[in-house]
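Each remark here refers to the structure printed beneath this line.
Read-outs throughout are calculated quantities, based only on the coordinates presented, and are distinct from any laboratory measurement. All values reported here derive from a predicted model rather than from experimental measurement. For neighbour counting, all protein chains shown are included, and Cβ atoms are generated from backbone atoms with ideal geometry for every residue, glycine included.
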Amino acid sequence: MQKVRTAIVGASGYSGEELVSLLGRHPQVELVALTSRQSAGKSVAEVMPRLAGLPVGNAIFVEPSAASLTESGATTVFLALPHGLAAEFAAPLRKEGLQVVDLSADFRLRSAGIFEEFYGGPHPAPDLLPEAVYALPEICGDAALKGAGLLACPGCYPTSILVPLVPLLRRGLVRTDSIVINSLSGVSGAGRKADIPLLFAECNESLRAYGAPKHRHLSEVEQELSAAAGTNIAVTFTPHLVPVTRGMLSTIVVQPVGGADSGKVAAAWAEEYAGRPFVRLVPHLPDSKHVTGTNCIDIAVREDARTGRILLFSALDNLMKGAAGQAVQAFNISQGWDERAGLP
């Protein structure tokens, strides 16, 4: 089988490094370009010593430009860039017919107006929004991904929330007016950047909420929950930063329709995710250490007999199922391959 010629833009960030590691070992991928402004001219092994000794370790980072990516012969380009910047590459690459797998927030929202509300400026490429697929495979389904030219990979917070909640909303098992979500994220979720609140001395021995009550990811969470329920939904969402490098845990409190019944929840999950290798229904309360380094998301449910509510829990690796791993999974499906290809 001929390998797909692939490039990564922003390859030296945390998510970019995971992409280099995954795609550098992928049996059906040939990496033809890795870009990084800060690491241009250096080898992968210099910047990422854990990949030394592998073939990809000899690759050299280059300056990013849409023209050089096209000239590289790549047919698929992964964008591991901040929001706003990703669209600057996506637009010319799509014009040239290249497949774009975007890990930023630029194409996750269907409405340019909602993007402006949550991200504080006009959408940089609104003409591309209609063709973007919200690439959470377990939610959008394989058919939506196959042959897609622009994959908008969801964020880590939305993934940890949508996987437990969407099957229940699709089946009308929970009320839509009283959903409360608390999520905890490792520090790598903020990206590889020099920022005082993210320094070790600031994060260590520290637990803090942030971005409340209107975190940017709330926009895509409510978009996808509303689509699942068939009605507009607003939720209460509070993210927290915790002093671990990677990992995410979400606790979701819902009011069930017709009384608390964890069996109905488990049955809905089992039906929705039958045959999905990366969603694990676990009997214990999920723990981030059990999913670190994998593309798995662990989910569990508990009844609260005292209040009549249902508690939903999820854990994932924010750099894998919450970013690079999920992007590779969606890419695999778009190419017609086994979704597990190249993934641990």
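Label positions at Glu71 and Asp287, each projected 7 Å from the Cα along the C-beta direction, are separated by 5.3 nm. Overall shape of region 1-121 was characterised from the C-alpha gyration tensor. The equivalent ellipsoid obtained from it has semi-axes of 26, 16, 13 Å, in decreasing order. Build a GNM of the chain with springs between Cα atoms under 10 Å apart, and of Asn318, Asn58, Asn182 the one that fluctuates most is Asn58. Across region 78-128, the relative contact order, built from alpha-carbon pairs under 8 Å that are at least six residues apart, equals 37 percent.
With distances taken between every two different alpha-carbon atoms, the chain has a Kirkwood hydrodynamic radius of 20.4 Å.
Sum -39500 (n - 2.57) across every DSSP H segment of at least 4 residues in the chain, then divide by the residue count to get the 222 nm mean residue ellipticity, nearest 500.
Calculated at 222 nm, the ellipticity per residue is -8000 deg cm²/dmol.
Using 0.36 nm per residue, how much length does the chain from Leu198 to Arg37 gain when fully extended, once their Cα-Cα distance is taken away?
Details: separation 161, 0.36 × 161 = 57.96 nm, distance 2.17 nm.
Contour length minus Cα-Cα distance gives 55.8 nm.
For region 193-258, applying the loop criterion from DSSP together with a ceiling of 14 other beta carbons within 10 Å to the GluC sites (Glu not before Pro) yields Glu205.
Could you work out the relative contact order of the chain? I mean the mean sequence separation of Cα pairs under 8 Å and 6+ apart, divided by the number of residues, in percent. Walk me through the intermediate numbers first.
Values: 755 pairs, mean separation 59.6, N = 344.
17 percent.
Obtain the nm distance between the two label points defined at Thr236 and Ala267 by a simple spin-label model: each point lies 7 Å from its Cα along the Cα-to-C-beta direction. For Thr236 paired with Ala267, the spin-label model returns 3.0 nm. Panel note: the C-alpha atoms of region 70-139, placed on their principal axes, show extents of 37, 29, 20 Å (largest first). Cross-link partners for Lys95 among the lysines, with Cα-Cα distance under 26 Å and sequence neighbours closer than 8 places in the same chain left out: Lys3, Lys146. Here the Debye sum runs over all C-alpha atoms of region 156-316 as equal scatterers in vacuum, and log10 of I(q)/I(0) at q = 0.09, 0.14, 0.16, 0.21 Å⁻¹ comes out as -0.30, -0.71, -0.91, -1.43. Measure nothing fancy, just the Cα-based angle from helix 156-170's long axis to the longest principal axis of the chain, in degrees from 0 to 90, nearest 10. Between the helix axis and the principal axis of the chain, the angle is about 50 degrees.
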